[in-house]
Amino acid sequence: MSTEHDHVLSGSADIAEQLDSAAGSDPVPGTRTLIDRVLEALAALSLASITVLLFVNASLRYLADSPLGWTEEIVTGLMLWLTMFGFVLGVRRRETITVRAFVDRLPGTVRVWLELLTGLVTAAVLLHLAWFAFLYVSEFGSDTTPYLRLPRGFFTAALPVGALAAALIVLVQLPRVRELVLRDREDQS
């Protein structure tokens, strides 16, 4: 008798499993997908860049009394991207902040429906945010930064991109809500 776990390990995953893995709810708990690794690498690169820029700027300020004026522009922009990379990773792994004290006491069926409703509301809010962030970038994205004259849209594009990616992940994860609720309940036992 073959289980779903054996099916995934054999390498013959069907389309639903591939979609689940791409959305962050991996068929085999604890596995990391290529998307996760890319997001982690981009977040680490952003954080390392921010750290190096701030260290170099502080060193130049105190040692040579000659700080880099453009550091704040780059650091602020990279912080937006770093935040969105982390947010999307959290959504993919279903590790966003939740209050479970009340929900965990509900019967399984009610809990599944509540999770579905919460997922739909979350996706709607994220899509709303993505739309207004897109409008903002469309309107003000061509403005340039004072020192480097870079378009601000390069940095603020993190908002609509991150919100849209998170909304799509939430929507793709919805079909697996029942299974995830049951798995979570087993983990708590």
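What follows draws every value from the coordinates through simple rules; no lab data is involved. It should be emphasised that the depicted structure is a prediction, and the values quoted were computed from it without experimental measurement. Here the Cβ is made from the backbone with ideal geometry for all residues, glycine too, and neighbour counts use every protein chain on show.
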* Could you give the size of the charge dipole of the stretch 104-189 about its Cα centre, using +1 on the Cβ of each K and R and -1 on the Cβ of each D and E, expressed in debye and rounded to the nearest 20? => 40
* Förster radius 45 Å - calculated FRET efficiency between LEU116 and LEU63 (Cβ-Cβ, nearest 0.05) -> 0.20
* Going 7 Å from the Cα of VAL56 in the Cα-to-Cβ direction, what parts of the stretch 62-105 have a backbone nitrogen less than 18 Å from that spot? -> 62-79
* Taking the Cβ of GLY119 as the center, what net charge do the other residues with Cβ under 13 Å away carry, scoring Lys and Arg +1 and Asp and Glu -1? -> +3
* Hz values of 3J(HN,Hα) by residue in the stretch 129-144 - Karplus curve (6.51, -1.76, 1.60), Gly and Pro given as x -> 4, 4, 4, 5, 5, 4, 4, 4, 5, 4, 7, 10, x, 8, 4, 9
* Asked: Once the Cβ-Cβ distance between VAL38 and GLU179 is put in as r, and R0 is 25 Å, what FRET efficiency do you end up with, to the nearest 0.05?
  -> 0.45
* Structure fact -> If each K or R counts +1 and each D or E counts -1, the residues other than ASN57 whose Cβ falls under 14 Å of its Cβ total -2
